[in-house]
Amino acid sequence: AGGVRPADRALARAIGTTLSVTARGSFDLDGVANVETARIETSTARAGFTGRVGSTILDGTLDANIPALASFSGVAGQPLQGSATLTARLSGNPRRYDMAAVVDARLRELSTGTPGVDGLLGRSVTATGTMRRIPNGFAFENFRVDGAHIDARVDGRATQSAADLGLDITIDELRQVD
């Protein structure tokens, strides 16, 4: 599609003027989709998935790329700069709300427009580790966010009835927050 123009100006800038959707795959007799490729691309970003998806199976890889975060400044309400990439290895059983994402995300040349945040994170930030959707909650396994002056790690789980989460944050120089 070309000439895409959402009425909301911030959304229009985030999406851009073009949209392309590509999907190729097949369904087996159990209703499981074997996805060779599922991709959505706009003028400003692209995301794709390959793998298997069904009511009881999730097994695939999601990838996303935003070459210029500035396009999303209006949606975020902040003057963003930089680029972002994400790869997530997805697995689990959606019917049981038991799914995992092994995440590798990278932000480069980042600027959020908030001096304290930019001071801590710096221009290059990574997020890696495992996030899980478990019955009635979420879990994290060595989920880590690393920036220039901050290292944060989350481990544990939280459900509607109980929480056992550990958060370890190291800030090497507090003056970076000032």
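Here are the numbers for this structure:
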| read-out | value |
| --- | --- |
| Scope the range 12-54; condition small (Gly, Ala, Ser), in a loop (DSSP other than H, G, I, E, B) and under 26 Å from ALA84 (Cα atoms); matching residues | GLY16, SER43, ALA45 |
| Residue count, the range 92-119 (criterion: surrounded by 14 or more Cβ atoms within 10 Å (Cβ to Cβ) and assigned to a helix (DSSP H, G or I)) | 4 |
| Unique match (being within 18 Å of the chain's Cα centre (by Cα), over 29 Å from ILE171 (Cα atoms) and buried (at least 18 other Cβ atoms within 10 Å of the Cβ)) among GLY60, GLY82 | GLY60 |
| Subset tally (residues that are of a type in the set (D, E, K, R), within 15 Å of MET99 (Cβ to Cβ) and over 17 Å from the mean Cα position of the chain (by Cα)) for the range 128-178 | 1 |
| Hits in the range 134-147 - residues which are modelled with pLDDT under 95 and either open to solvent by 30 Å² or more (accessible area, probe 1.4 Å) or in contact with a His (Cβ under 8 Å, 6 or more places away or on another chain) (or both) | PRO135, ASN136 |
| Residues (assigned to a loop (DSSP other than H, G, I, E, B) and either under 17 Å from ALA105 (Cβ atoms) or modelled with pLDDT under 95 (or both)) located in the range 57-78 | PRO67, ALA68, GLY77, GLN78 |
| Pair list, Cβ under 9 Å, 6 or more apart: the range 120-143 residue within 25 Å of LEU174 (Cα to Cα), other residue open to solvent by 70 Å² or more (accessible area, probe 1.4 Å) and acidic (Asp, Glu) | ARG123/GLU109; SER124/GLU109 |
| Number of positions in the range 148-166 that are buried (at least 16 other Cβ atoms within 10 Å of the Cβ) and not in a strand (DSSP E or B) | 2 |
| Any hit, the range 120-127, residues being assigned to a strand (DSSP E or B), over 19 Å from the mean Cα position of the chain (by Cα) and modelled with pLDDT under 95 | no |
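Results for (1) open to solvent by less than 60 Å² (accessible area, probe 1.4 Å); (2) without any contact (Cβ under 8 Å) to a residue 60 or more places away in the chain, shown as yes or no for each residue.
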| position | (1), (2) |
| --- | --- |
| ARG9 | no, no |
| SER20 | yes, yes |
| ARG24 | no, yes |
| VAL32 | yes, yes |
| GLU36 | no, yes |
| ILE40 | no, yes |
| SER43 | no, yes |
| PHE49 | yes, yes |
| ARG52 | no, yes |
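The values are calculated or read from the model by the stated rules, or taken from the named source; none is laboratory data. For clarity, every value in this text was computed on a predicted model and none was experimentally measured. Virtual Cβ from ideal backbone geometry, glycine too; neighbours counted across all protein chains shown. To get the accessible areas, we keep the full protein, side chains included, count just its heavy atoms, and leave off ligands, DNA and RNA. Shrake-Rupley method; radii C 1.70, N 1.55, O 1.52, S 1.80 Å.
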